[in-house]
Structures are given as C-alpha cells and as structure tokens.
Amino acid sequence: MVINSKKLNSLIKKIFLAMQCSKEETRVITHHLVTANLMGHDSHGVGMVPIYVKNFHEKILFPNITPKLTKDDRSMIVFNGQRGFGQSVANLAIKEGINRCKDTGLVLMGINNSGHMGRIGTYGEQCAKENLISIHFVNVTDRSPSVAPFGGTEARFGTNPICIAMPRASKVDPIVLDFATSKVAVGKIRVAINKGEELPDGWVIDHSGKPSNDPRVMEQHIYPNEKSDIPEGAVLPMGDYKGFGLSLFCEILGGIMSGGTTIQPNHERLGGVINNMMSLIIDPKHLVKNSSLNDELEHLIHYIKSSPSTKKDFPVVLPGELERKKLSHRLKNGITIDDETFEQILKAGESLNIKRNSLKE
Ligand code: NAD
C-alpha cells in the first residue's frame, strides 16, 4: 500500500501514546521513524514499531526516560539511557552535547544502555543544524549477533552503524555519511522476508558459510519467537576486512568507551535492541575561519562532482543527497509499505487495545 506521510504519522502517534509516551516523546519518535521512511530507509522506519511494542510489553523498553548524566567533565560526558526509547534518549543527550560544544568547542559524549536509536544520521543532522561537525560510533547489544567477522562463518557483531556529518554554508544541506558496517542493515533483510523477495548476491551467508540469497537465513535472528526451519546464517561485513575493522571499533568506542557493553556473550541478552553510542561533536570555528572552511569545502565538492559519471543520468552525489531526493519524492507521492509490515503494525496497535479501524482513521 502507499500511504501519505501525514496519515502514517498520525497512525504511528496513536501507538506511542498508547504506550504512555508523553506527547513530546511521541512527536520525536514518530517524526524520526516516518522521516526514515521518507528518506528511503524503510529498515529504520515505522516497520520497527512492532519490535518496540513487543519490547515494551516485555518491560525491556521504557517510555519517558530522561537520559541520566553519569559522568560530567564539561566537554566529556556520559549518559545512561536506562533502556528508554532511543530516538528520544539520543535526541535529548545530543541536545546537551550541542549546548556544551558551543561553549567548549569539542565534546566527547557517550550514551549507553539506550533503546534502539534508529537512523543514526538523525543525530548527525541534529548537530549539523547547529553548524557542528559530528562523528558517531554505535554498537548493538541485548540480542544475538547478526554479522560475521571477516573470514568467519558465525555472527559476532550487530550491524554497528557509523555516521559522520558536516554542515555546509547556511541553507545548503549537510553532508551526511550514515551506514551500517554490515553489507546491509538487518532491517532491510526483515523487509525482504516480509515481501518474500530474494536478496542480492553478497549480503548473507548460510549456516555453513556458503553465499546465499535467501533472507530467511536471518529469520531466527529477526523473529526469535517464531519457528523457522532454516538454520541461522549471518550478514557479511561491508567492504570485507575494512567493514569488519570499523565494526570492531564500534564495539570498542561505541560499546566500551561509552560506558556500555560489547556484544561478547558474558552479558545478559534480554532480546531487545540496545544501542551504545560514542559521539564526537566539533565546532569548526574553533579550528578554522568560517569563510575559508566554506570556500575550500565548496571548491572540493565542485571538483568531486565534476567527475564525469559512469552511467548517464547518474551523476556523482554526496553522502546524504539521495536521502533528501527520496524525501521530497515520498513527501509528494507517499510511502510504500508492504502488506506484511502494515499488518504487523496494526497487530502491535491491537496488542495495546487500539482498534484497527481507529488506527487506520
Ligand atoms: P546505505 O547502504 O543505504 O548507505 C547509506 C549511506 O551511503 C548514506 O550516507 C548515503 O547517502 C550514502 N550513499 C548511498 N548511495 C550513495 C551513492 N550512490 N553515492 C554517494 N553516497 C551514497 O545504508 P545502510 O548501511 O543500509 O544503513 C541504513 C540506515 O540504518 C542508516 O541510517 C543507519 O544509521 C541505520 N542503522 C542503524 C542501526 C542501529 O542499531 N540503530 C544499525 C544499523 C543501521
């Protein structure tokens, strides 16, 4: 089905309000999720709602959590997200990081024990809006791993995303590099399972380490409470050993240095999604003059984009550009949601005593 973003927003809001999220928390989470869909990252959009509702019922994900400041050295701060909804926890913590960075010029910030933070680019954009550069390393815990280390056949990592965002001169969109260190985000495999589609070559291996195109090799990982006859495989790291190395540093920086934990199995796994994030926020004006930075950056971008494209009608684009193109297209034409995902959202609403007809209104 194709649904208008405003309608989707109001449907999803009802679900978060039913979980007792405050109006403001509901607004932040819903806006984050629908924007992820609008930007083309359906893996981190409203399709996550049934998982959040399930974790809410299991009492491993909590509404209305204010991140708790546990270390404070002005420019070095650590927050405990206390298993709150990650989109809200990270939004509040990053706000504080931004405030401090305006004063100190540089902030190193850990957020540990947060619920799923969703699309990490959101936090890069939040900093870029305030003319700040930011770098974010994130790990994923509380559940079994999904990504094999380079050369391994069994999973040992989550999809551990990294984001680097750079503001540009006023009114020009920032550069936002935001990706999972796995070949693909697990959410995209969930979407393929729900749609009954095959995966492209090189995304996953089966339980024996052989290349596979069947998304159901990740079914046990994605839907642990449902029966699957397919033995569990793993997602491959992006860029072979390079992605593997970056993922390892997401564990070290995002997991350990944020005051959180890594995915190693001595830690209890409750079956939720915990994100730990280490963020470095930089005010560039403490390093270089605004005018020379903007001038050099725009010359660089012009030079990069002048490279003749390999395919007609596919010019060189900067990180973040395709997402913004998708956003304006989907704002106009609506968001496509597959039937299975939509049904899961309606069922999640019903589990909170919301009638499906009132959700669709
Ligand atoms: P992806 O493979 O689509 O890569 C996205 C990045 O690559 C973006 O910066 C995009 O602008 C850039 N890009 C894509 N095509 C490009 C092109 N042709 N030229 C230049 N740049 C291009 O994304 P992904 O790895 O599937 O990750 C999707 C989302 O999932 C991200 O937002 C990420 O933060 C999120 N994620 C979150 C978690 C979590 O635990 N919270 C885990 C994994 C992923």
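The values are calculated or read from the model by the stated rules, or taken from the named source; none is laboratory data. These figures come from a predicted structure and were not determined experimentally. Don't worry about glycine lacking a Cβ; one is built from the backbone with ideal geometry, like all the others, and counts go over all protein chains shown. Note: areas computed on protein heavy atoms with side chains; ligands, DNA, RNA excluded. Shrake-Rupley method; radii C 1.70, N 1.55, O 1.52, S 1.80 Å.
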**Complete:** If unit charges are put on Cβ atoms (+1 for Lys and Arg, -1 for Asp and Glu) and the dipole of the chain is taken about its Cα centre, the option from Gly110, Ile189, Ser351 lying farthest towards the positive end turns out to be Ser351
**Asked** Roughly speaking, what is the stretch gain from Asn213 to Glu58, that is 0.36 nm per residue apart minus the C-alpha to C-alpha distance, in nm to one decimal?
**Response** 52.5 nm
**Asked** How big is segment 81-229 by Rg and Dmax over its Cα atoms, in Å?
**Response** 17.9, 56
**Asked** How many Lys pairs in segment 59-141 lie less than 17 angstrom apart by Cα atoms, where the lysines are 8 or more positions apart or on different chains?
**Response** 4
**Cut-off under 5 Å, modelled amide H: who pairs with Phe62 long-range** = Gly84, Phe85
**Message:** Once neighbouring chains are kept in place and the probe is 1.4 Å, which whole percent of the accessible area of segment 76-115 is contributed by carbon and sulfur?
**Reply:** 52
**Request:** Read phi for every residue in segment 65-76 and hand back ³J(HN,Hα) as whole Hz from Karplus 6.51 cos²θ - 1.76 cosθ + 1.60, θ = phi - 60°, with x for Gly and Pro.
**Result:** 8, 9, x, 9, 6, 10, 9, 9, 10, 6, 9, 10
**Item:** Karplus-derived HN-Hα couplings along segment 302-311 (A = 6.51, B = -1.76, C = 1.60, θ = phi - 60°), whole Hz, x at Gly and Pro
**Value:** 4, 4, 4, 6, 7, 5, x, 7, 6, 10
**Asked** Of all accessible surface on segment 162-247 at a 1.4 Å probe, what whole percent is carbon and sulfur?
**Response** 52
**Asked** After finding the eigenvalues of the alpha carbon gyration tensor for the chain, what semi-axes result from the square roots of 5 times each, listed largest first in whole Å?
**Response** 30, 24, 23
**Asked** Which shape class applies to segment 51-165: rounded if a/c is under 1.5, otherwise prolate when a/b exceeds b/c and oblate if not, where a ≥ b ≥ c are the square roots of the Cα gyration tensor eigenvalues?
**Response** oblate
**Asked** Compactness ratio of segment 126-208: Cα Rg over 2.2 N^0.38 Å, N = residue count?
**Response** 1.39
**Request:** Against the globular-protein guess of 2.2 N^0.38 Å, express the Cα radius of gyration of segment 284-361 as a ratio, rounded to two decimals.
**Result:** 1.92
**Item:** Cβ charges +1 (Lys, Arg) and -1 (Asp, Glu), total dipole of the chain, debye
**Value:** 1020
**Request:** Find the accessible area per residue for segment 231-300; the probe is 1.4 Å, ligands and nucleic acids are left out, and the unit is Å².
**Result:** 54
**Request:** Return the long-range amide H neighbours of Asn4 (sequence gap of 5 or more, or a different chain), with a cut-off of under 5 Å between placed amide H atoms.
**Result:** Ile335
**Message:** Starting from 0.36 nm per residue, how many nanometres of slack lie between Asp240 and Ser22 once their C-alpha separation is accounted for?
**Reply:** 74.2 nm
**Carbon + sulfur, % of accessible area of segment 258-308 - ligands and nucleic acids excluded, 1.4 Å** = 58
**Complete:** Residue by residue through segment 148-165, the couplings from Karplus 6.51 cos²θ - 1.76 cosθ + 1.60 with θ = phi - 60°, in Hz, x for Gly and Pro, are 6, x, 4, x, x, 9, 9, 5, 9, 9, x, 7, 5, x, 10, 9, 10, 10
**Fill in**
Short to long, in 5 Å steps from zero, the percent of alpha-carbon pairs of segment 30-103 per bin is 3, 15, 20, 19, 17, 13, 9, 3, 0
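What is the Å³ per residue value for the convex hull set by the Cα atoms of segment 215-361? List each step's numbers first, then the result.
Values: hull volume 39.9 nm³, N = 147.
Dividing the Cα hull volume of segment 215-361 by its residue count gives 271 Å³.
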**Message:** Taking 45 Å as R0, compute the FRET efficiency from the Cβ-Cβ separation of Arg269 and Ser292 and round it to 0.05.
**Reply:** 0.35
